[in-house]
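Below: the structure, in C-alpha cells.
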Amino acid sequence: MTAPTTPPGTPVPAAAASPLSVDLCGRTALVTGAAGGIGRACTLRLAAAGAKVRAVDRDAEGLAALAADSEGLAGAVEPYLLDLTDLDAAEAAAAGTDILVNNAGLQLVRPIEDFPPDVFHTVLTVMLEAPFRLIRGALPHMYAQGWGRVVNISSVHGLRASAYKSAYVAAKHGLEGLSKTAALEGAAHGVTSVCVNPGYVRTPLVEKQIADQAAAHDLPEDRVLTEVLLKDSAIKRLVEPEEVAEAALYLCSPQASFITGTSLTLDGGWTAH
Ligand SMILES: NC(=O)c1ccc[n+]([C@@H]2O[C@H](COP(=O)([O-])OP(=O)(O)OC[C@H]3O[C@@H](n4cnc5c(N)ncnc54)[C@H](O)[C@@H]3O)[C@@H](O)[C@H]2O)c1
C-alpha cells in the first residue's frame with residue numbers, strides 16, 4: 001500500500017483537522033507580534049481556548065483588525081500598542097501574565113559585509129533582548145502561583161544557519177539558549193519554557209518572497225516553493241500559521257507539562273538532514 005502524498009505546495013488547512021481541546025479559561029496570556037501571521041494565529045487560538053490575551057504589536061492597524069476578528073471568542077483580546085525596542089515598557093507589559101508567547105520578529109537578508117550594524121542591533125533587541133525582558137517581567141507572577149508557560153517562537157534558523165541571515169540566525173540561536181535557561185530556572189516553580197521551530201510559514205512575508213523569487217528566477221510560483229524555499233524540507237509545503245498556533249496551544253495543555261527546555265520542530269523534516 002502506498003502512503004498518500006500531498007502535492008507540492010498544497011496548503012493543509014489546520015481548521016480541517018480536529019482542533020485540540022484545551023481549556024484556558026481563567027488564564028491570561030501575552031503574545032508579541034500579535035498583528036502579524038503567526039502571532040495573530042496564536043492570539044486567536046489562545047483566546048478561542050478561553051484565555052484573556054494581551055496582544056502586543058507596534059502595528060496599530062493590524063491590532064485593530066485582530067480585535068475585530070476576535071469578537072465572540074471565549075477569551076477577550078486586549079490590543080496593546082508597543083514597540084518592543086522600548087525594553088522597560090516590554091518588561092512592564094508582561095507583569096501578571098500566565099502564558100507568554102515570544103513571537104515578534106523581523107528579517108533582513110544581506111551578506112555580513114553589507115549588513116547594516118544598526119539593523120543587526122535592532123534584530124537582536126526585538127528577537128532576543130525583548131524576550132529576556134518579557135520573561136523577566138512575567139516570572140514573578142508565574143513563580144508566585146506555581147504555574148507558567150513560556151513559548152518562544154524560534155525557527156529552523158534557531159537550529160540551522162543560512163547564508164545572509166546573520167542577525168536572524170544569531171538572535172534565534174540566542175533565543176534557544178535563553179529558553180533552555182528559563183526552563184532550568186523555572187522547573188522548580190511549575191514554569192516550562194519551550195521553543196517552537198517552524199520551517200517556512202505561509203505568512204504575507206513569505207508569500208511576497210515567493211512572488212519576488214518567481215519573478216527573479218523566471219519560475220512559476222510552485223517551483224519557487226519546491227526548488228528554492230522548500231529545498232531542504234522533506235515535506236514540500238509551507239506550514240500554516242494555524243498549525244504553529246496549535247503547537248503553542250498544546251504546550252499550554254496539561255498533557256505538555258513535562259515538555260521543557262527543548263525545541264519542537266514543525267519543519268517538514270528539514271533538520272533531519
Ligand atoms: N514566516 C516564517 O516563515 C517563519 C518561519 C520560522 C519562524 N518564524 C518566526 O515567527 C515569528 C513571527 O513571524 P511572522 O512570519 O508571523 O512575521 P510577520 O512579519 O507576519 O509578523 C511579525 C510581527 O511582529 C511585529 N513586530 C516586529 N517588530 C516589532 C517591534 N519592534 N515591536 C512590536 N512588534 C513588532 C510586526 O509588526 C508583525 O506584526 C518571528 O519570530 C519569525 O522569526 C517565521
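So, of the residues in the stretch 254-268 that are within 15 Å of the ligand (Cβ to nearest atom) and either assigned to a loop (DSSP other than H, G, I, E, B) or not polar (S, T, N, Q) (or both), which turns out to be farthest from Gly177 (Cα to Cα)? Reasoning before the result, please.
Looking only at the stretch 254-268, we keep the residues that are within 15 Å of the ligand (Cβ to nearest atom), and these are 263-268.
Now drop any that are not either assigned to a loop (DSSP other than H, G, I, E, B) or not polar (S, T, N, Q) (or both), which leaves 264, 266-268.
Numbers: Leu264: 14, Leu266: 19, Asp267: 20, Gly268: 23 Å.
My answer is Gly268.
Consider Glu207 carefully, then state whether it is part of a helix (DSSP H, G or I), of a type outside the set (A, V, I, L, M, F, W, C) and modelled with pLDDT under 95.
Answer is yes for this residue.
Scanning the stretch 254-273 for residues that are free of Cβ contacts under 8 Å to residues at least 60 places away in the same chain and at positive phi turns up just one, Gly269. For the stretch 106-124, the criterion of a residue being within 16 Å of the ligand (Cβ to nearest atom) and open to solvent by less than 10 Å² (accessible area, probe 1.4 Å) is satisfied by at least one position.
Residue check: Ala216 meets all listed conditions (1) open to solvent by 20 Å² or more (accessible area, probe 1.4 Å); (2) modelled with pLDDT of 95 or more but one, namely (2).
Quick one: which residue in Lys180, Lys165, Lys208 is away from the ligand (no atom under 15 Å from the Cβ) and more than 17 Å from Thr32 (Cβ to Cβ)? First the steps, then the outcome.
Numbers: Lys165 fails: away from the ligand (no atom under 15 Å from the Cβ); Lys208 fails: away from the ligand (no atom under 15 Å from the Cβ).
Answer to the selection: Lys180.
Considering only residues that are within 11 Å of Leu266 (Cα to Cα) and in contact with a Ser or Thr (Cβ under 8 Å, 6 or more places away or on another chain), which ones fall in the stretch 224-240? The answer is Ile235, and nothing else.
Arg149 satisfies every condition listed in (1) open to solvent by less than 60 Å² (accessible area, probe 1.4 Å); (2) over 15 Å from the mean Cα position of the chain (by Cα); (3) away from the ligand (no atom under 16 Å from the Cβ) except (2). On the stretch given as the stretch 223-253, residues that are part of a helix (DSSP H, G or I) and without any contact (Cβ under 8 Å) to a residue 24 or more places away in the chain total 4.
Pick from the stretch 34-90 the residues that are of a type in the set (Val, Ile, Thr) and crowded, with 23+ Cβ neighbours inside 10 Å: which of them is nearest to the chain's Cα centre (by Cα)?
Taking the stretch 34-90 and keeping what is of a type in the set (Val, Ile, Thr), we get 38, 43, 53, 56, 77, 85.
Retained after the next criterion (residues that are crowded, with 23+ Cβ neighbours inside 10 Å): 38, 43, 53, 56, 77.
Working: Ile38: 6, Thr43: 11, Val53: 15, Val56: 13, Val77: 18 Å.
My answer is Ile38.
Provide a single number: the residues in the stretch 234-247 that are more than 11 Å from the ligand (Cβ to nearest atom) and not charged (D, E, K, R). The number of residues fulfilling the criteria is 3. When you go through (1) of a type outside the set (A, V, I, L, M); (2) within 13 Å of the ligand (Cβ to nearest atom); (3) farther than 18 Å from Arg54 by Cα; (4) at pLDDT 95 or above one by one for Asn103, which number turns out not to apply? That leaves (3) as the condition not met.
The values are calculated or read from the model by the stated rules, or taken from the named source; none is laboratory data. Remember, it's a predicted structure, so these values are computed and weren't measured experimentally. Neighbour counts run over all protein chains shown; Cβ positions are idealised from the backbone, glycine included. Surface accessibility is based on the protein's heavy atoms, side chains included, excluding ligands, DNA and RNA. Shrake-Rupley method; radii C 1.70, N 1.55, O 1.52, S 1.80 Å.
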